[in-house]
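One structure is given below, encoded as structure tokens.
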Amino acid sequence: PGRNESVYYFDIELALHRTDGWLREFNAAHPGVQADVFHLALWGIRECMVRYPTMNRFVAGGRLYQRREIVFSFAVKQRLQEGSPFAVVKRAFPVDESFVDLVRGVQDQTRADRFGGPQRTDKELALLMKMPGTVRRLAMGGVKVADRFGMLPRFFIDSDPMFASAFVAHMASFGMPAGYHHLYEYGTTGIFCVLGRPVNEPGSPTSGPERRRVMKVTYSFDERTEDGFTAWRSIQ
């Protein structure tokens, strides 16, 4: 019945030598759009769900649903220092969007959500926290029941980052390695992808075109939505 009762953890190590070379060429050709491994990961996960649509499903109310669009959420620090709050970005990724447009769109929305003041979800949570504890528990209990039976209205879930095709955590932006993230019982996000800090291969130069890096990527996957073989093929 629960997402974490059905979670499968998986990791893979990716060599970045050709990736780094491709990004250098792309960024040289597009001086106003500086892409990195995170943008390529978002592109790759979107392409995975285009090729394997059943990876873009979710469970609600004891039923299996196919999503109509590809939507990712990801968290960014407002400032890279301890105690600084996170801004959680949620964005739709059209299947025909080019890579350069994807990079521009992610950068623009990240900038707006990071520096544009509190978002709708932040305001709702701030209002909720002003209420007495009993009222908060009743309100959250009602939301959880409606969520479990798939009864939350569209306007409620459109801005909520926990209703997404996947949540992508870019730990490299914080200088952290990849860990295995839990899935949330709230919402419909059944895939959590964590990108770890790239590290140099032993004996590799620390910079330049000859540098050889590897990056660990971990996945937490709600296996109620698709079988393990299809999930593995999509990761490949």
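The values are calculated or read from the model by the stated rules, or taken from the named source; none is laboratory data. Values in this document were obtained by computation on a predicted structure and should not be read as measured data. No Cβ is skipped: glycine too gets one built from the backbone with ideal geometry, and neighbour counts run over all protein chains shown. With ligands, DNA and RNA removed, areas are computed over all heavy atoms of the protein, side chains included. Shrake-Rupley method; radii C 1.70, N 1.55, O 1.52, S 1.80 Å.
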Whole-percent carbon and sulfur contribution to the accessible surface of the chain (1.4 Å, no ligands, DNA or RNA) stands at 57 percent
If you rank Arg68, Arg224 by how much accessible surface each has, with a 1.4 Å probe, what is the order from largest down?
Arg68, Arg224
Might you work out the accessible area of Glu25 for me, using a 1.4 Å probe with all protein chains in place, and round it to the nearest 10 Å²?
130 Å²
So for the chain, taking the charge dipole from beta-carbon charges (+1 Lys/Arg, -1 Asp/Glu), which of Phe156, Pro205, His181 sits furthest toward the positive end?
Phe156
Viscosity 1.567 mPa s, 4 °C: Kirkwood-radius Stokes-Einstein D of the range 1-53 over Cα pairs, µm²/s
94 µm²/s
Note the direction-averaged projected area, equal to a quarter of the hull surface, for the Cα convex hull of the range 120-236, in nm².
10.7 nm²
Tilt, helix 99-115 to longest principal axis of the chain (alpha-carbon atoms), in degrees rounded to tens, equals 50 degrees
About its Cα centre, the chain carries a charge dipole, from +1 on Lys and Arg Cβ atoms and -1 on Asp and Glu Cβ atoms, whose size in debye to the nearest 20 is 560 debye
In what order, largest first, do Thr230, Thr206 sit by accessible area if the probe radius is 1.4 Å?
Thr206, Thr230
What does the accessible area of Val50 come to, in Å² to the nearest 10, when a probe of 1.4 Å is used?
70 Å²
To the nearest 10 degrees, how steeply does helix 133-148 sit against the main Cα axis of the chain, on a 0 to 90 scale?
70 degrees
Tell me which of Gly105, Thr134, Phe167 sits at the most positive position along the dipole axis of the chain, charges placed on C-beta atoms (Lys, Arg +1; Asp, Glu -1).
Thr134
Tell me, what is the percent relative contact order of the range 152-234, built from C-alpha pairs under 8 Å that lie six or more residues apart?
27 percent
At 1.4 Å probe size, with no ligands or nucleic acids counted, give the accessible surface of Ile235 in Å², nearest ten.
50 Å²
Would you mind checking the tilt of helix 17-29 against the longest principal axis of the Cα atoms of the chain, expressed as 0 to 90 degrees and rounded to 10?
90 degrees
In square angstrom, what is the accessible area per residue of the chain with a 1.4 angstrom probe?
57 Å²
